[in-house]
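Asker: This structure is in structure tokens; I'll ask about it shortly.
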Amino acid sequence: MPYEFDEILETIRMTEVEHFDIRTVTLGISLRDCSDRNVNTAKQRVYDKILKYGRNHVKYAKEIEARYGISIANKRVSITPVSIPFDGFGVDELIQIGETLDKAADEIGIDYIAGYSALVQKGMTVGEANLIKSIPYALANTKHLCSSVNIGSTKAGINMDAVNLMAEAIKLTAEATKERDSIGCAKLVVFANAVEDNPFVAGAFHGVSEPEVVLNVGISGPGVVLDAIREAGSVDLQQLSEVIKKTIFKITRAGELIGKKVADKHGVPYGIVDISLAPTPAEGDSIADILKAMGVEDVGAPGTTAALAMLNDPVKKAGLMASASVGGMSGAFIPVSEDMGMIRAVEAGNLSLEKLEAMTAVCSVGLDMIAIPGDTPASTIAGIIADEAAIGIINDKTTAVRVIPAYGKKVGEYVDYGGLLGKAPIMNVRNISSSNFVGRGGKIPAPMRSLTN
Amino acid sequence: MKFTEEDLRRITMIAINELGEKASPELVKKVVAKTVEGYGIERPVSNGNDKSSGRVILTAYGLNKPGIIASLTKALGEAQCDIQDLSQKIMSDFFTVIMVIDISGSNKELRELQDVMNRISDEMKIKIFMQHEDVFRFMHRI
């Protein structure tokens with residue numbers, strides 16, 4: 001037999017029992033050739049282009065799924081940051097583009113289309129400022145659209161004017177979608193050091209240096225890692241790191257295979273594989289459970305940040321070895337609402353916003369899917385964004401903020417979206433003010449690290 | 001180079017103008033086709049040339065009972081599948097079967113074979129997985 005009995009059973013166990021899946025195959029489509037002075041022509045071009053490349057996206061992914069017996073949870077599309085091709089449009093026209101994107105997503109049968117975005121780390125054009133203003137309405141009027149804005153980078157520093165605008169946009173989005181627990185905020189990410197080839201929604205977009213069309217893959221599998229750690233028993237930390245590395249290596253290989261095959265079916269270039277441990281609300285598919293299996297009593301206990309750092313690192317190392325083109329975030333995600341273990345830790349009072357912030361310094365993204373009281377002032381949200389962005393630019397890593405100031409709700413209540421977005425307990429935010437600091441506006445200069453030439 | 005739909009439209013418009021009175025739908029079509037001939041060939045996208053075998057790996061497990069192997073092999077035989085390797089283990093009351101099967105000569109697609117196996121799986125109350133060999137090769141062989 002060309003494979004050992006155990007090897008075959010291991011693969012079956014990973015795919016069938018431990019929820020290993022390809023989290024997303026994301027087709028990146030450039031919209032740079034879709035600009036036009038006339039908004040109706042532009043809308044038609046956008047719609048035609050997405051259908052041209054994306055028409056068979058879901059069908060192809062399903063075929064590959066059946067062939068290899070590995071489930072592909074989501075099929076998605078990312079697009080050029082909308083502010084780039086449509087820089088000349090006003091708020092109303094941009095909203096119309098957003099609605100067109102939503103319609104196209106509906107037509108090709110995908111759940112999310114991401115890239116209603118702007119990159120404003122160093123400054124804003126008129127169009128970019130318009131896009132930021134339009135976000136709350138675009139998100140309120142659509143179902144599938146996701147938005148992200150990059151407000152800082154190691155090279156450019158932090159654009160505090162944009163941070164303040166985004167804090168306002170988050171508040172307005174929460175209000176505009178108050179009927180559905182402020183769900184708009186779950187589709188809005190504020191980045192520092194955003195990556196151009198991230199396949200994971202809501203923060204995905206098709207970067208300006210990307211080709212016409214490309215297929216990126218996001219793989220996950222906290223369940224597989226959790227079982228491997230449990231099976232390893234009481235080994236020391238170095239050995240534990242090896243266990244994680246070996247497991248990730250195997251699932252990255254599978255992701256690489258699936259990505260290439262889906263790209264081949266489309267006849268488009270294969271971009272990157274992003275191996276990120278992303279939890280889902282399903283039991284056992286939890287980063288919190290992994291941290292607990294590593295030995296901390298609950299997430300939030302001293303040692304949690306070290307454990308998370310130790311989880312994040314072998315994920316990257318194994319990914320690098322397993323794939324010729326690792327990209328995106330590649331690490332561990334720690335969203336609260338999508339992870340039952342995190343939710344329980346918050347409910348038990350073990351996990352605070354501040355501890356989550358510390359954890360984001362060593363994992364792959366940032367404050368993710370965190371519900372906060374609806375009356376949190378915009379200046380406080382701006383302060384939260386600035387803190388996260390500072391961690392990002394100083395450590396030369398991506399950080400993000402996806403907070404939900406749940407309209408009309410207070411600590412102790414919940415927002416509940418069901419599905420992949422899950423439900424989140426509203427967390428306490430300190431009510432001491434940041435307004436005099438963030439209100440100064442301007443820019444936080446680029447750090448020392450930016451001068452590497 | 002490749003032509004976008006807009007390029008083609010533009011070429012067609014030029015052809016119609018050039019042809020003037022003579023422009024008939026057939027003639028325009030012919031002229032345009034001749035003009036773009038040989039230009040529009042897109043270079044095929046290559047994402048590495050991993051050779052993929054025509055083999056699949058079938059794994060079945062469940063409570064042991066007579067006739068499991070028989071029903072599996074009968075279905076595979078009918079579909080003209082070549083069983084290249086077979087190994088089986090029984091642990092207490094559970095059995096596990098792993099087969100390496102070449103389906104390149106089969107009259108059925110993998111999808112159809114999976115449907116057949118799903119039927120057997122329901123009848124025999126066992127679990128059957130049929131996956132392309134590549135996934136095992138990628139995960140366990142460098």
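The values are calculated or read from the model by the stated rules, or taken from the named source; none is laboratory data. Since this is a predicted model, take the numbers as computed values, not measurements. Note that each Cβ is placed from the backbone with ideal geometry, even for glycine, and that neighbours are counted across all protein chains shown. For the accessible areas, the whole protein counts, side chains as well, though only heavy atoms, and no ligand, DNA or RNA atoms are used. Shrake-Rupley method; radii C 1.70, N 1.55, O 1.52, S 1.80 Å.
Asker: With the cut-off at 1.5 for a/c, could you classify chain A from its C-alpha gyration tensor as rounded, prolate or oblate?
Answerer: On the way: a/c = 1.64, a/b = 1.15, b/c = 1.43.
Oblate shape, in that a/c is at least 1.5 and b/c is the bigger or equal ratio.
Asker: Let me ask something else. Of the listed peptides A:107-115, B:22-30, what is their order by residue-averaged count of other C-beta atoms within 10 Å, with the highest listed first?
Answerer: A:107-115, B:22-30
Asker: What is the distance in Å between the Cα centroid of segment B:58-134 and that of segment A:126-151?
Answerer: When both Cα centres are located, 51 Å separates them.
Asker: So how do A:Y3, A:Y414, A:Y53, A:Y407 rank on accessible area, 1.4 Å probe, biggest first, that is with the largest at the start?
Answerer: Order by accessible area, largest first: A:Y407, A:Y414, A:Y53, A:Y3.
Asker: Using the structure shown, list the pairs from A:K292/A:K316; A:K355/A:K410; A:K75/B:K34; A:K122/A:K292 with a Cα-Cα distance above 30 Å, or answer none.
Answerer: A:K75/B:K34; A:K122/A:K292
Asker: Tell me the net charge near B:I101. Cut-off is 10 Å between Cβ atoms, B:I101 excluded, with +1 for each Lys or Arg and -1 for each Asp or Glu.
Answerer: Values: positive: B:R55; negative: B:D82, B:D85, B:D102, B:E133.
Value of the local net charge: -3.
Asker: Could you tell me how many degrees, from 0 to 90 and to the nearest 10, lie between the Cα long axis of helix B:5-19 and the main elongation axis, the longest principal axis, of the Cα atoms of chain B?
Answerer: The two axes meet at around 30 degrees.
Asker: For helix B:110-124, what angle does its Cα long axis make with the longest principal axis of chain B, in degrees from 0 to 90 and rounded to 10?
Answerer: Its long axis makes an angle of about 30 degrees.
Asker: Please give the contour-minus-distance gain from A:K246 to A:V17: 0.36 nm per residue of separation, less the Cα-Cα distance, rounded to one decimal in nm.
Answerer: Net length gain for the segment: 80.6 nm.
Asker: Right, something else. Each residue of segment B:77-82 in turn: what ³J(HN,Hα) in whole Hz from Karplus with 6.51, -1.76, 1.60 and θ = phi - 60°, glycine and Pro shown as x?
Answerer: For segment B:77-82, the Karplus curve yields x, 4, 8, 6, 8, 9 Hz.
Asker: When Cβ neighbours within 10 Å are restricted to other protein chains, what is their mean count per residue of peptide B:125-138?
Answerer: Numbers: counts 0, 0, 2, 0, 6, 3, 9, 8, 3, 7, 11, 9, 4, 12.
Per-residue shielding by partner chains comes out at 5.
Asker: Would you please give the FRET efficiency between B:S53 and A:Q238, computed as 1/(1 + (r/R0)^6) with r the Cβ-Cβ distance and R0 = 45 Å, to the nearest 0.05?
Answerer: Numbers: r = 38 Å, r/R0 = 0.84.
Efficiency, rounded to the nearest 0.05: 0.75.
Asker: Can you tell me how segment B:55-140 classifies by the Cα gyration tensor, rounded, prolate or oblate, using a/c under 1.5 as the rounded cut?
Answerer: Oblate, because a/c is 1.5 or more while a/b does not exceed b/c.
Asker: I'd like the mean, over residues of B:108-114, of how many other protein chain beta carbons sit within 10 Å of each residue's own Cβ.
Answerer: Partner Cβ neighbours, averaged per residue: 2.
Asker: Sorted by mean Cβ packing within 10 Å, highest first, what order do the peptides A:255-261, B:105-111, A:417-423 take?
Answerer: In descending order of packing, they fall as A:255-261, A:417-423, B:105-111.
Asker: Taking chain B as the reference, fit the longest principal axis to its C-alpha atoms, fit the long axis of helix B:25-36 to the helix C-alpha atoms, and give the angle between the two in degrees, 0 to 90, nearest 10.
Answerer: In chain B, helix B:25-36 runs at an angle near 70 degrees to the longest axis.
Asker: Could you tell me how far the Cα centroid of segment A:1-58 sits from the Cα centroid of segment A:219-291, in Å?
Answerer: 18 Å
Asker: Within 10 Å of each Cβ in peptide A:3-16, how many partner chain Cβ atoms are there on average? Round it to a whole number, please.
Answerer: 5
Asker: Let me ask something else about it. Using a 10 Å cut-off on Cβ atoms, rank the peptides A:118-126, A:277-285 from the highest mean neighbour count down. Kindly include the intermediate steps, with their values, before the conclusion.
Answerer: On the way: A:118-126: 19.4, A:277-285: 21.9.
Those peptides, ordered most packed to least, come out A:277-285, A:118-126.
Asker: Here's another thing I want to ask about it. Which is farthest toward the positive dipole end of chain A among A:H57, A:I135, A:N453, measuring Cα position about the Cα centre, with Cβ charges +1 (Lys, Arg) and -1 (Asp, Glu)?
Answerer: Looking along the dipole axis, the top candidate is A:N453.
Asker: Assuming a ≥ b ≥ c are the square roots of the Cα gyration tensor eigenvalues, decide whether segment A:172-242 counts as rounded (a/c under 1.5), prolate (otherwise, with a/b larger than b/c) or oblate.
Answerer: Note, shape of segment A:172-242 comes out oblate.
Asker: On to the next question. I need the phi-derived Karplus couplings for segment A:405-411: 6.51 cos²θ - 1.76 cosθ + 1.60, θ = phi - 60°, integer Hz, Gly and Pro marked x.
Answerer: x, 4, 4, x, 10, 10, 3
Asker: Please tell me the relative contact order of chain A in percent, rounded to the nearest whole number, where contacts are Cα pairs under 8 Å and at least six residues apart.
Answerer: Details: 1056 pairs, mean separation 77.5, N = 453.
Across chain A, relative contact order equals 17 percent.
Asker: Another question, then. Once amide H atoms are built 1.01 Å from N in the peptide plane, which residues 5 or more positions from A:T154, or in another chain, come under 5 Å H to H?
Answerer: A:N193
Asker: Percent relative contact order of segment A:72-231, based on C-alpha pairs within less than 8 angstrom and at least six residues apart?
Answerer: 24 percent
Asker: What list of ³J(HN,Hα) couplings, whole Hz, do you get for segment A:445-453 from phi and the Karplus terms 6.51, -1.76, 1.60, once you set θ to phi - 60° and write x for glycine and proline?
Answerer: Result, rounded to whole Hz: x, 5, x, 3, 4, 6, 9, 9, 6.
Asker: Modelling each spin label as a point 7 Å along the Cα-to-Cβ direction, I'd like the B:E5/B:A33 distance in nm, to one decimal.
Answerer: Modelled inter-label distance: 2.1 nm.
Asker: With r defined as the distance between the Cβ atoms of A:E212 and B:E123 and R0 fixed at 56 Å, what FRET efficiency is calculated, to the nearest 0.05?
Answerer: Details: r = 49 Å, r/R0 = 0.88.
With R0 = 56 Å, the Cβ-Cβ based efficiency is 0.70.
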